[in-house]
Amino acid sequence: MFDSPRPEVVVALPGTGSDAHFARRAFEPACTALGLELIAVDPEPGALIAGYRAALDTAAARGPVLAAGISLGAAVAVEWASSRDPADVSGVIAALPAWTGPDTAHCPATLSASVTAAQLRAHGLEPVVARMRESSPRWLADALTRSWRAQWPGLPAALEEAAQYKWPDASLLDGLAAPLAVVAAADDPVHPVTVGREWAHRAARSVITEITLDQLGADPAVLGRLGLRYAR
């Protein structure tokens, strides 16, 4: 465990297309066990990134924040933490980071968000949900079916905003002062484990734990247990 201020609150940011429900499943059990309040943020189509940043800013007015993000949420958490006074940040949990740097032409997560948004605009929600369910593990298909339906009809706009996001570059990670706990999946093609290893290598106060997608699917709370073991 790193030497950092105890968080007043943990703010959980979901990944692209996901929602507060999954973020809560990922982080709430560990927070409850440690007596920490969790705020799980729902995406705001039309103000996705701004909504995440606003939630972190609001929480920081109460005291040190542990910013816990998944995929896109991890990127926003790292970016936010790097811009704040160290007294505002207890640490960062970066689960399943997908890319490093603003050139996302070959980022699998960015490409997936862009393609899915185009399919939704062309074919509507339910046909795209049906195709997604055919090609995804059951746990992921169920989570995305719930969140996609909840975000419709703003979902394509949210996915397009995510696809245009410029991921944190190497220099930002090199200069990150807050403790960083990375949780990466060794077999995830959309969030390559090499990215998680790079983030942990670059950040000065960091640790990485690697899991499998089967582990995540069986128990999403593994993200919180592993992340909160270090970044708090």
Just give me the residues in segment 10-35 being outside any helix (DSSP H, G or I) and surrounded by 19 or more Cβ atoms within 10 Å (Cβ to Cβ), in sequence order. V10, V11, A12, L13, P14, G15, T16, G17, S18, D19
So which residues in segment 163-216 are outside any strand (DSSP E or B), in contact (Cβ under 8 Å) with a residue 40 or more places away in the chain, among the β-branched types (V, I, T) and out of contact with any Phe, Trp or Tyr (no Cβ under 7 Å at 6 or more places or on another chain), if there are any at all? V190
Filtered residue count, segment 178-227, keeping only those that are closer than 21 Å to A113 by Cα and of a type in the set (D, E, K, R): 2
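Could you list, in sequence order, the residues of segment 7-51 that are among the β-branched types (V, I, T) and either closer than 26 Å to W99 by Cα or touching a helix residue (DSSP H, G or I) at 6+ places or on another chain (Cβ under 7 Å) (or both)? Explain how you work it out, then say what you get.
Going through segment 7-51, the residues among the β-branched types (V, I, T) turn out to be 9-11, 16, 32, 39, 41, 49.
Scanning segment 7-51 gives V9, V10, V11, T16, I39, V41, I49.
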By my count, helices (runs of 4 or more DSSP H) wholly in segment 67-159 with at least 2 residues that are in contact with a strand residue (DSSP E or B) (Cβ under 8 Å, 6 or more places away or on another chain) are 72-83
If E79 meets every condition in (1) closer than 25 Å to W199 by Cα; (2) touching a His at 6+ places or on another chain (Cβ under 7 Å) apart from one, which number is that one? (2)
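Kindly indicate whether I49 is under 17 Å from the mean Cα position of the chain (by Cα), outside any helix (DSSP H, G or I) and aliphatic (A, V, I, L, M). Give the steps one after another, and end with the answer.
Values: under 17 Å from the mean Cα position of the chain (by Cα): yes; outside any helix (DSSP H, G or I): no; aliphatic (A, V, I, L, M): yes.
Here the answer is no, as I49 does not meet what is asked.
Taking segment 52-66 as the search range and keeping residues that are part of a loop (DSSP other than H, G, I, E, B) and either surrounded by 15 or more Cβ atoms within 10 Å (Cβ to Cβ) or on the phi > 0 side of the Ramachandran plot (or both), which one is nearest to the chain's Cα centre (by Cα)? So that I can check it myself, show each step before the final result.
Taking segment 52-66 and keeping what is part of a loop (DSSP other than H, G, I, E, B), we get 61-64.
Remaining after also requiring either surrounded by 15 or more Cβ atoms within 10 Å (Cβ to Cβ) or on the phi > 0 side of the Ramachandran plot (or both): 63-64.
Working: G63: 22, P64: 19 Å.
Restricting to residues being part of a loop (DSSP other than H, G, I, E, B) and either surrounded by 15 or more Cβ atoms within 10 Å (Cβ to Cβ) or on the phi > 0 side of the Ramachandran plot (or both), the top hit is P64.
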Taking G69 and the conditions (1) crowded, with 22+ Cβ neighbours inside 10 Å; (2) in contact (Cβ under 8 Å) with a residue 60 or more places away in the chain; (3) among the small types (G, A, S), which numbered condition does it fall short on, given that it satisfies the others? (2)
When segment 79-106 is checked residue by residue, the ones that are more than 16 Å from A54 (Cα to Cα), touching a residue at least 24 places away in the same chain (Cβ under 8 Å) and surrounded by fewer than 20 Cβ atoms within 10 Å (Cβ to Cβ) are P86, A87, G101, P102
Only one residue in L96, L72 is assigned by TED's automatic domain parsing to the domain that holds A170, touching an Asp or Glu at 6+ places or on another chain (Cβ under 9 Å), under 22 Å from V193 (Cα atoms) and of a type outside the set (V, I, T), so which one is that? L96
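The values are calculated or read from the model by the stated rules, or taken from the named source; none is laboratory data. What you see is a predicted model, and the numbers here were worked out from it, not measured in a lab. Backbone-built Cβ (ideal geometry, glycine too); neighbour counts: all protein chains shown.
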